[in-house]
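The values are calculated or read from the model by the stated rules, or taken from the named source; none is laboratory data. All figures in this text were calculated on a predicted structure; none of them were measured in a lab. The area values use the complete protein model at the heavy-atom level, side chains included, leaving out ligands, DNA and RNA. Shrake-Rupley method; radii C 1.70, N 1.55, O 1.52, S 1.80 Å.
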Amino acid sequence: MTDNDLKKLNRAELLELLVEQSKKIDQLQAQLDEANRKLADRQIEIDKAGSIAEASLRLSGVFQAAEEAAAQYLENIQRLSGEQEKVCARMEEESKKKARALLLKTEERCRAREREADAYWDSISDKLQKFYDDHEGLYQLLQHSMRKPEENKSE
């Protein structure tokens, strides 16, 4: 519309025109706000992408450090396991030596007890033989009295 056309309009028409223009301005303002919001979101996404790239690089460093720590941990476990095996082998050898020593000591004590028992029984046998020799007459008397009465009559 030109200026002449505007002059020909009455007050109500001008107000209507102003209201329409106001609606268009509000609509355009809303579109502008939406476009600004989308632009800001896109900027945030771009910033995030940069941040994600940085975070990714940082995380790769974290992952590398974690891998190194895990490798070191495994090395320590293997070293400790080897040391533990050596300690166990040494303790097993010491236990075997102690067991052999105890076995030898026990065998020696058994042989000593056997010698004592043999000596005791030899002593008892000697005493019994002496008693038997000293009392041979009593032995014969007992033998004679233990016979059956029929056997005693025949003598």
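One table, with the values for the structure above:
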{"item": "Count of residues meeting criterion [modelled with pLDDT under 85, open to solvent by less than 100 Å² (accessible area, probe 1.4 Å) and among the hydrophobic types (A, V, I, L, M, F, W, C)] in segment 99-154", "result": "2"}
{"item": "Residues (open to solvent by 100 Å² or more (accessible area, probe 1.4 Å) and over 18 Å from the mean Cα position of the chain (by Cα)) located in segment 73-91", "result": "K86, R90, M91"}
